[in-house]
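The values are calculated or read from the model by the stated rules, or taken from the named source; none is laboratory data. If you're wondering where the values come from, they're calculated on a predicted model, not measured in any experiment. Here the Cβ positions follow ideal geometry from the backbone for every residue, glycine too, while neighbour counts run over all protein chains shown.
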Amino acid sequence: MSTPVLQVRERLLILPIIGVIDPQRARQLTEQLLRGIRTNRAKVVVIDITGVAAMDATVANHLVQTVEASRCWVLPLSSRACRRRCANARYDWS
């Protein structure tokens, strides 16, 4: 199932999540969100999980890591390399 990252207005994205989230899909949505943040130079991201019926602790933890990684990308850091290091340090990509 795809997880679109939608630009609502300039520098504002929404990530609507519907259905079941398994670890593979959680990893995919994180990658798509970080790509969307970089591409759109987003400053605000809304992650809408109202369409998710249930999630286990592993997936919930993955979503928390996604939020942390996203914060690194929207910080006013001067270089992409700094942002990537920050995101990689906070997010376990395995």
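Of everything in the range 1-54 that's more than 19 Å from R71 (Cα to Cα) and among the hydrophobic types (A, V, I, L, M, F, W, C), which residue is surrounded by the most Cβ atoms within 10 Å (Cβ to Cβ)?
I21
Counting just the residues of the range 34-55 that are among the polar types (S, T, N, Q) and at pLDDT 90 or above, which one comes out farthest from L6 (Cα to Cα)? Give the steps one after another, and end with the answer.
So in the range 34-55, the residues among the polar types (S, T, N, Q) come out as 39-40, 50.
Now restrict to residues that are at pLDDT 90 or above: 39-40.
Working: T39: 12, N40: 10 Å.
That would be T39.
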